[in-house]
Amino acid sequence: MSAGPAVRVRRAVDGVRWYLKEVTGESRWEAYLARCGRDGVEPMTRREYERHRTDLREHNPQSRCC
Amino acid sequence: MSTTTDASPQPAQPAGPPPRPGVRSLLIWGAVALVGAVCWAVLALSRGEDVSALWMLFAALSSYAIAYRFYSRFIARRVLEVDDTRATPAERLDNGVDFEVTDRRVLFGHHFAAIAGAGPLVGPVLAAQMGYLPGTIWIIVGVILAGAVQDMVVLFFSVRRDGKSLGQMVREEIGVVGGIAALIAVFAIMIIILAVLALVVVNALAESPWGVFSIGLTIPIALFMGFYLRYLRPGRVLEVTAIGVVLLLLAIVAGGWIDGSALADDLTLSKETLTLCLVAYGFIASVLPVWMLLTPRDYLSTFMKVGVIALLAVGLVIAAPTIQADAVTSFATDGDGPVFAGKVFPFVFITIACGALSGFHALIASGTTPKLLAKESQVRMIGYGGMLMESFVAISALIAAVVIDQGLYYSMNAPAGATGGTVESAAEFVANLGFTITPDQLAAAAAAVEEESLISRTGGAPTLAFGLSQVFSEAFGGGLQAFWYHFAIMFEALFILTAVDAGTRVGRFMLQDTVGNVWKRFGDTSWTVGTWIASAVVVGAWGSMLYVGVTDPLGGINQLFPLFGIANQLLAAIALTLCVTLLIKHDKLRWAWVPGIPLAWDLIVTMTASWQKVFSDNPAIGYFAQADRYREARDAGDVLAPAADAGQMDQVVFNSTLNGVLQAAFALLVIVIVANAVVIWVRAARAGGLPTTEVPHTPSQVVAPADFFATAEEKEAMRAWEESRGAEPVGGRR
């Protein structure tokens, strides 16, 4: 709680950015890269990765309620 | 992710008996209770004086806070006995696709985006004809004791069963008969919901070139976003959504330019034309790949939705509008309201479905969400908390409807057959109801939002948009009422269209899955012919219901909305029946009242409403009485208003009969399921519990906080756990 106002604002902005990237799934790519790096696997390109992700959605429809 | 294979010792969970409440906590909760009590007292006791809408807002917020803090905790600890030492399906079955440990706050966002839609916005607007008090009470008490309980308990039971769907659980825990009935009910109810939602859009866009232009532009905008994400810059969702939102706002502004131009006539579409457009759109959207339209549209509508709700909350606090409606109107007691027929009981409870109790949520709570939950204790925050937020949306919508001039409210919401369609006849009509508004005032209201006319703009969306535009322009100034009106229409139409896309697709998968049991090839969702047939069947089903509603001489919304409301509440009855069944099977008969009370109430309401809609001899309420009345008149060669000719007389007879049959069929399906369940209840109660399909306890390795804000102990436990694993934070940071 001893942090100055500037630090707090930065933290809040970072928090919002983190949240938006998580909610939209944008951060999945970074998580995938990190995982590949840890496992020593050559990652696919981002284009391939995102295409793979959207194609999974194709067969997994999510209902939107009223 | 390697979370489940991690062999590190089980870290201490922040568990054990809660510490005794401190003085600070007592003071805070005492103050919240006091604020709530004062707000409720003001709302209940004020008659004939100016009441600020903020009393409604704060009565809701303080009631939610207390219910969340105490009742949901009681349900989690005592009734469900959530157990954080148990691994959730997300942890055990983690495959990085549909099962995945997700940060609780992120999952809250996903869950809320999935449950919130147009329902909590439309229902309260229509129910405002009963006055502000019945709606306020039902939205708040209903969500606390019924809606949020249903969402949370269904979510919990689904988590304990590897994320099984509602239909599957009914079949396995209640019986095959109940299971089949549930399957049919879920499918049929989805079709009705899609038809009614589409009807709301048609009513909002008909004869409105501005609206048609702006909404039409959302299709190329979504396509652009889809191609951008697929080919230009894959994965940059935030960037493309920001571009999309800017384009969307431009589309709304540009609609204003179109309004006065030569294009306006070409974009002034009749309801019939719009219906055909929507049906064609629904079919194409459901067979196109999701990345083209559905996914980008979903990003847009979610951001718009959350943005508008936040804006509305701020706007209400700044504008602090005064309630114009009576606490309880005479329509509530006499049942002769022009917006929809019937008395406050049972009809207010089925008109406000989403926002108080929505059966549809049980499909979400037993669909995607349970597969992503990190910890059992989080069912409270996601299930109960998510529904409280939805209820808040409903209260805001109710406020928007009761702060506008009530003469205008009835002019907008009574069917064209009653208002006569002109400002003069509408002013006369509302004068008969006991409200005063002059034709000039009605014309001025339409001019203020740059619409041709506001008379009989039924369906709830235009009224809500008018209320929002009034609140926003009062709060933020600038004389932008027309912009705000079309902004609100756009926001509603946008996510209704998303719901129509997604719902058609889900319906298509359900159909393919079901028919696939007997005809294997049809079940293959990558077979194009099957996909096209299934999509056409689903679109055809809701499209024809929509057409029935659009062309109904009696006014589609007041005929179809009760059907929609009852259907949604009947789905809730199925979900609550399952909850009661499972508690008894788990030998928790003494806690069965928790879902049992809302179930009993819901059955009383829906069965009374169904009975009245089927058997009432009042033609304004009973579908069959209505059909009889028009049939007799037709056979005698008469034409009854609001029908204009013999053809419309036939139409009324056909529509009313169809609605009556559907209504009776739904009620029967639910009776079958409940009867099937009662057999199981008796058997389970006698035996002191029965085996269920609950998966056995597997120790959990994951550490995650239970609530929105992590406690100091939880933070410490998280830190220690992450250190012991030495790597990769799971499902987020902090």
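With the Cα gyration tensor of region A:5-57 giving a ≥ b ≥ c as the square roots of its eigenvalues, does the rule (a/c under 1.5 for rounded; else a/b larger than b/c for prolate; else oblate) give rounded, prolate or oblate? It comes out oblate by the Cα gyration axes. Each helix, a run of at least 4 DSSP H residues, gives -39500 (n - 2.57); summed and divided by the residues of chain A, these come to -22500 deg cm²/dmol at 222 nm. Rounded if a/c is under 1.5, else prolate if a/b is larger than b/c, else oblate: which is chain B, with a ≥ b ≥ c the root eigenvalues of its Cα gyration tensor? Here chain B falls in the rounded category. Here region A:5-57 is assigned +1 on the Cβ of each Lys and Arg and -1 on the Cβ of each Asp and Glu. Its dipole about the Cα centre then comes out at about 280 debye. Is the protein assembly as shown best put as rounded, prolate or oblate by its Cα gyration tensor, with a ≥ b ≥ c the root eigenvalues, rounded for a/c under 1.5, and otherwise prolate when a/b is larger than b/c, oblate when not? Rounded, because the longest to shortest axis ratio a/c is under 1.5. In chain B, helical runs assigned H by DSSP with n ≥ 4 each contribute -39500 (n - 2.57); averaged across all residues and rounded to the nearest 500, the mean residue ellipticity at 222 nm is -21500 deg cm²/dmol.
Placing R0 at 60 angstrom, the Cβ-Cβ distance between A:Glu42 and B:Ser261 gives a FRET efficiency of 0.60 after rounding to 0.05.
Exceedance of the 26 Å cut-off in Cα-Cα distance is limited, within the set B:Lys164/B:Lys715; B:Lys375/B:Lys588; B:Lys375/B:Lys715; B:Lys164/B:Lys305; B:Lys164/B:Lys588; B:Lys375/B:Lys585, to B:Lys164/B:Lys715; B:Lys164/B:Lys305.
Backbone geometry of region B:373-390 corresponds, through the Karplus equation with coefficients 6.51, -1.76 and 1.60 at θ = phi - 60°, to 3J(HN,Hα) couplings of 6, 7, 9, 4, 5, 6, 4, 5, 5, 6, x, 6, x, x, 6, 4, 5, 5 Hz, x marking Gly and Pro.
Close amide H pairs (under 5 Å, H built 1.01 Å from N) link B:Thr322 with B:Ala53, residues at least 5 positions away or on another chain. In terms of packing, defined here as the mean over residues of other Cβ atoms within 10 angstrom, the peptides B:209-218, B:361-370 line up highest first as B:361-370, B:209-218.
Taking the longest Cα principal axis of chain B as reference, the axis of helix B:423-433 is set at about 70 degrees.
Here the Karplus relation 6.51 cos²θ - 1.76 cosθ + 1.60, evaluated at θ = phi - 60°, turns the backbone of region B:26-40 into coupling constants of 4, 5, 4, 6, x, 5, 4, 5, 5, 4, x, 5, 5, 4, 4 Hz, with x for every Gly and Pro.
Were the residues from B:Val695 through B:Asp587 laid out at 0.36 nm apart, the gain over their Cα-Cα distance would be 37.2 nm. Could you calculate the FRET efficiency of B:Val253 with B:Tyr231 from 1/(1 + (r/R0)^6), where r is the beta carbon distance between them and R0 is 35 Å, rounded to 0.05? The pair B:Val253/B:Tyr231 has a calculated efficiency of 0.80. The modelled label-to-label distance for the pair B:Tyr71/B:Val537, using points 7 Å beyond Cα in the direction of Cβ, is 4.1 nm. Measuring nothing but how far apart in sequence close Cα pairs (under 8 Å, 6+ apart) lie, relative to its length, region B:463-620 scores a relative contact order of 11 percent. Take each residue in B:340-346, count the other chain C-beta atoms within 10 Å of its C-beta, and the mean is 0.
By how many degrees, 0 to 90 and rounded to 10, does the Cα axis of helix A:28-39 deviate from the longest principal axis of chain A? Its long axis makes an angle of about 80 degrees. For chain B, the longest principal axis of the C-alpha atoms and the axis of helix B:461-476 are separated by about 80°.
Applying 1/(1 + (r/R0)^6) with R0 = 60 Å to the Cβ-Cβ distance of B:Ala33 and B:Glu723 gives a FRET efficiency near 0.90.
Distance between the modelled labels on B:Ala636 and B:Glu713, one decimal in nanometres: 7.6 nm (7 Å Cα→Cβ projection). For the pair B:Arg683 and B:Ile243, label points projected 7 Å from Cα toward Cβ lie 5.9 nm apart. Rounded to whole numbers, the Karplus 3J(HN,Hα) couplings from phi for region B:656-664 are 5, 5, 4, 4, x, 5, 4, 4, 5 Hz, using 6.51 cos²θ - 1.76 cosθ + 1.60 with θ = phi - 60°, and x at Gly and Pro.
Taken residue by residue and averaged, Cβ atoms of other chains lying within 10 Å of the Cβ of A:45-58 number 5.
Bear in mind that the values in this text are calculations on the coordinates, not laboratory data. Note that the structure is predicted; figures quoted are calculated from it, not measured. Because the Cβ atoms are built from the backbone with ideal geometry, glycine has one as well, and the counts that use them run over all protein chains shown.
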